[in-house]
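Worksheet for the structure shown next.
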Amino acid sequence: MGEMETAPKPGRDVPPKKDKLQTKRKKPRRYWEEETVPTTDGASPGPPCNKKNRELRPQRPKNAHILKKSRISKQPQVPKKPQEWKNPESQRSLSGAQDPFPGPAPVPVEVVQKFCRIDKSRKLPRSKAKTRSRLEVAEAEEEETSIKAARSELLLAEEPGFLEGEDGEDTAKICQADIVEAVDIASAAKHFDLNLRQFGPYRLNYSRTGRHLAFGGRRGHVAALDWVTKKLMCEINVMEAVRDIRFLHSEALLAVAQNRWLHIYDNQGIELHCIRRCDRVTRLEFLPFHFLLATASETGFLTYLDVSVGKIVAALNVRAGRLDVMSQNPYNAVIHLGHSNGTVSLWSPAMKEPLAKILCHRGGVRAVAVDSTGTYMATSGLDHQLKIFDLRGTYQPLSTRTLPHGAGHLAFSQRGLLVAGMGDVVNIWAGQGKASPPSLEQPYLTHRLSGPVHGLQFCPFEDVLGVGHSGGVTSMLVPGAGEPNFDGLESNPYRSRKQRQEWEVKALLEKVPAELICLDPRALAEVDVISLEQGKKERIERLGYDPEAKAPFQPKPKQKGRSSTASLVKRKRKVMDEEHRDKVRQSLQQQQQQQQQKEAKAKSTGARPSALDRFVR
Amino acid sequence: MKVKMLSRNPDNYVRETKLDLQRVPRNYDPTLHPFEVPREYVRALNATKLERVFTKPFLASLDGHRDGVNCLAKHPKNLATILSGACDGEVRIWNLTQRNCIRTIQAHEGFVRGICTRFCGTSFFTVGDDKTVKQWKMDGPGYGEEEEPLHTILGKTVYTGIDHHWKEAVFATCGQQVDIWDEQRTNPICSMTWGFDSISSVKFNPVETFLLGSCASDRNIVLYDMRTNTICWNPMEAFIFTAANEDYNLYTFDMRALDTPVMVHMDHVSAVLDVDYSPTGKEFVSASFDKSIRIFPVDKSRSREVYHTKRMQHVICVKWTSDSKYIMCGSDEMNIRLWKANASEKLGVLTSREKAAKDYNQKLKEKFQHYPHIKRIARHRHLPKSIYSQIQEQRIMKEARRRKEVNRIKHSKPGSVPIVSEKKKHIVAVVK
């Protein structure tokens, strides 16, 4: 058989005693060396697991070009046919050993897809050979990087949490006490209840690393703490109603929307700024990559404050009355505002008008939340309905559910869990995976609190949900909510002071300008076709001719005797006719398409055929 | 009930001792890195701005000549040594690392017209206005010896340029004719003439070593199997050479198809006097009468960089050093200047992090180079007033010429006025 084999494992494959003498006489054999004497039991102890491995791997092709193309194994689970190993001798290395894992390690397609930034289905545009080759090189590079990134998934250390009921048990019936009992001590310590009945309903906010928690009560109580170690950073009373509270880019700065004005405190509770231009603020949102603090006010203004330079970038008059429903889309930094007429409007500081308006509910909108991939938006309204919308261009509701009391607060977790606060009850729904919308059929978890909910947020990078209510602040355990593997350069919960300072400088250096906020954050990478065409037109006008125009066909003279003037003219005419026919064909096709579109429109407008339709031309 | 909570052990994420490096776990998931394109764009913008901020190309000025520097030569074996010949017949040998003059020789009476080193680096040749070709030892004379040339050849006419064969003991001079010399003989092996004009420069091809190019004052470029101010051969693609022309342009030719230049390089506003390729063959530097030197990519018609100083006068000769990092230029006001080839490059040893950051920034700049804001910053150069106004003036002239052309096409029978491309416009004729 002449196969490679591994060293026999002592436990499983003990050689019989007869062999002992033989092995003593023999030179000690390494596992990569070829077997010279067949063992007594005949079967080479090549472990079965090895064989299986070999079958799962694509064989290294002899041709390097093929290897480059088939870097992604389309179906890693499909075993290869045994014919492929017909000639094992050719694969041997100098020592005679065989590579047990030939070829590059296989990468599953779905993982590569996650990192892929280009649309492979689109064909490359028709262009000059040089441009085309450059595009092809760029595409190949892109593929290479996505494969490398997919391969590095193997290095991720943590697995996400989960909660499963045993055969048919409803996970919604599992209460917090059970979970706390079942999990380890470190996780159990993450569940706590702050009993702060005195200072009324609380709003709360986690810092971007998920390490710090700030909360503010209606009656002026503001506190910030490192909630993991339970170390209090500051606790003050601002002697004024607190409407909302938000961490700025790091845990050192805290924006508090008070009754009159917006105030900014540091982590010791010292007031740094009082921003009088933002008055009667009801809701706050911080856009971390743009260093913008978006404030929605009672007066109906949406104001963007650049916290790195302290300037107001834009103050937009929404013209929809009092604003008290706001959330940001973390994918493209667009602000979603909910209005009392049932619409949700999308805003960017670059535009005076909303980017889009979506009619969501029959009554007013009570709460809006957008998930971290920017794909789904959850809204709840006064009509007691909870809806999930698709934000990828269509803005259509994907699923709807009527709740007995309607949800007053909504939030998405990093892995796509949706939480709704209804009175003093909190419901959590989960989806199938990270990129799928939460299914509203069956709640994943529920919890009753000691007072009506006033603020909700999932803690980033932890399986924890923070709930602010009239009885204080509760930290709930929600297995499977947080992203298990953080990126140390982006937001690191375990960063030291030095690391934080370095990160702060870097983040400030690459502050994205506010003008770049738009619905598609990748739009900047697209070719600006309009100005390109404009430039081309201007160039043609300036030069007086089109330098890129195709030269008219000039027939090449053929062999002696076959290249009469008549035949040259004939050939020329042939090509010209062919081009003309092409043009006619194209224009005919266009006309047909237009006709079809017209008909389709005419059909779609009238749902029921009207008697007057006979007059339509 | 089966439950698992996310529970991290802080020991896996925090360094053990203060002497360790901080641990930075990475996760390349795109959802954790939002705003990829805008952030990269901002980074590219910053990198471009920093590049402009750190642009300090001028390194040193080597002074000592008592008259304008007329020619330069590199030592073939030693990166730190260069030779220069001045208009008063003086030849100096310089050490670039110490930035001082090692040796001074009064080689000729009148101009030193050309200077070149032997391929082995032991000796060099000079030609001067006194109709002589002299060979000198690279090392100085011993104690008590006099400074004397190894050989002196007395010619009949003035020689204007010299170049040595890259592998054999043969050199070529030019003047009224091109002469090929054996080092051991005092008479040329052969003389070649083409027309009656004086030939200003002669260069051997570094790869096809028996090919010789020369340029004459009547706009001819002549290739001998063995015109313009000067030419330079591409060291990587032997069939490509670039010619510096009096009409302010440089022309890159493919030797196999001389009827159209591969590229017309135009940015200078006065006659281009010298050109030299970088050892990589991707770029070349040109010296001009407009008191500036420019760096052109081979495949671009516009320069990527322009160097000038207040004191630098008409630049007569220029050389790109063999390690591809520096540029030397000799000019009318007696100085040799040393420049960085890459203006914003940091000199000295880079740490691996610095290097990684530099590479990353370079890639970003490349990726976003066509964005208008970034392009504007990257292209911005401060120019002396003379050059700036010259550029404006020439732009107006060119525009007028173009307008006239367009009008002529517009008002004549279609097809009767041919549209000649910019490349073809400059070629007078190819003489076989």
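Structural remarks
- Carbon + sulfur, % of accessible area of the protein assembly as shown - ligands and nucleic acids excluded, 1.4 Å: 53 percent
- A simple rule links phi to the HN-Hα coupling: the Karplus curve 6.51 cos²θ - 1.76 cosθ + 1.60 with θ = phi - 60°, which for segment A:301-316 gives 10, 9, 10, 9, 10, 7, 7, 7, 10, x, 10, 7, 7, 8, 10, 9 Hz, with x for Gly and Pro.
- Distant-in-sequence amide contacts of B:N335, defined by a placed amide H-H separation under 5 Å and a gap of 5 or more residues or a different chain, comprise B:V69.
- In plain terms, the C-alpha convex hull of chain B casts an average shadow of 33.2 nm² when viewed from every direction.
- Solvent-accessible area buried by pairing A with B, both sides, nearest 100 square angstrom, 1.4 angstrom probe: 4900 Å²
- Alpha carbon centroid spacing (whole Å) that separates segment B:331-353 from segment B:136-174: 31 Å
- Trypsin sites (Lys or Arg not before Pro) restricted to segment A:151-241 and DSSP loop, no more than 12 other C-beta within 10 Å: A:K230
- Options A:T400, A:Q414, A:A186, ranked by Cα towards positive dipole end of the protein assembly as shown, top entry (Cβ charges): A:T400
- Contact residues in segment A:439-488 (at least 50 Å² less accessible area with all protein chains than alone, 1.4 Å probe): A:F486, A:D487.
- Using a Förster distance of 56 Å, the FRET efficiency for A:I530-B:E168 (Cβ separation, nearest 0.05): 0.35
- Accessible area, probe 1.4 Å, largest first, for residues B:E51, A:E181, A:E235: A:E181, A:E235, B:E51
- When the Cα positions of B:V269, B:C71, B:M1 are compared along the charge dipole of chain B, B:M1 comes out farthest toward the positive end, with charges on each C-beta of Lys, Arg, Asp and Glu.
- Residues with amide H under 5 Å from that of A:L456, placed H, sequence gap 5 or more: A:L204, A:G468
- Range of Cα positions in segment B:1-152 per principal axis (Å), largest first: 103, 36, 25
- Legend: residues in segment A:162-184 shielded by at least 50 square angstrom of accessible surface upon adding the remaining protein chains to the isolated chain (1.4 Å probe, heavy atoms) are A:F162, A:E164.
- Around the Cα centre of segment A:176-504, unit charges on the Cβ atoms of Lys, Arg, Asp and Glu (plus for the first two, minus for the last two) sum to a dipole of about 780 debye.
- Accessible solvent surface per residue of segment A:176-504, calculated while the other protein chains remain in place, 1.4 angstrom probe, Å²: 37 Å²
- Local net charge near B:L350, Cβ-Cβ under 11 Å (Lys/Arg +1, Asp/Glu -1): +1
- MRE, 222 nm, helices only [DSSP H, n ≥ 4, -39500 (n - 2.57), over the protein assembly as shown, to nearest 500]: -6500 deg cm²/dmol
- Note on segment A:368-513: with charges restricted to the Cβ of Lys and Arg (+1) and Asp and Glu (-1), its dipole about the Cα centre is near 180 debye.
- Karplus (6.51, -1.76, 1.60) ³J(HN,Hα), θ = phi - 60°, over segment B:264-270, in Hz, Gly and Pro reported as x: 9, 9, 10, 7, 5, 10, 8
- Couplings 3J(HN,Hα) of segment B:26-32, computed from phi: 10, 9, 8, 4, x, 5, 7 Hz, in residue order, whole Hz [Karplus 6.51 cos²θ - 1.76 cosθ + 1.60, θ = phi - 60°; x for Gly and Pro].
- Simple rule: put +1 on each Lys or Arg Cβ and -1 on each Asp or Glu Cβ in the protein assembly as shown, find the dipole, and look at B:L350, A:P552, A:P443; the Cα lying farthest toward the positive end is A:P552.
- Distances between placed amide hydrogens fall under 5 Å for B:H151 paired with B:Q135, all partners being 5 or more residues away or on another chain.
- The charge dipole of the protein assembly as shown, taken about its Cα centre with unit charges on the Cβ atoms of Lys, Arg (+1), Asp and Glu (-1) only, comes to about 3200 debye.
- Quarter of the Cα convex hull surface for segment A:132-272, i.e. its orientation-mean projected area (nm²): 15.5 nm²
- When nucleic acids and ligands are ignored and a 1.4 Å probe is applied, A:K536 ends up with an accessible area of around 100 Å².
- Probe 1.4 Å, accessible area per residue of segment B:1-99, Å²: 48 Å²
- In terms of Cα atoms, the Rg and Dmax of segment B:325-395 work out to 16.9, 48 Å.
- Dimensions of segment A:176-504 from C-alpha coordinates, computed as largest minus smallest value along each principal axis and given longest first, are 46, 45, 40 Å.
- Cα→Cβ-extended label distance, 7 Å offset, between A:E136 and A:R401, nm: 5.2 nm
- Computed P(r) (all Cα pairs; the protein assembly as shown; 10 Å bins; percent): 2, 8, 13, 14, 14, 14, 14, 11, 7, 3, 1, 0, 0
- Estimated FRET transfer efficiency when R0 is 25 angstrom, pair B:L258-B:S421 (beta carbons, to 0.05): 0.95
The values are calculated or read from the model by the stated rules, or taken from the named source; none is laboratory data. What you are looking at is a predicted structure, and each value in this text was computed from that prediction instead of being measured. Note: ideal-geometry Cβ built from the backbone for every residue, glycine included; neighbour counts use all protein chains shown. Heads up: the accessible areas ignore ligands, DNA and RNA and are worked out on the full protein's heavy atoms, side chains in. Shrake-Rupley method; radii C 1.70, N 1.55, O 1.52, S 1.80 Å.
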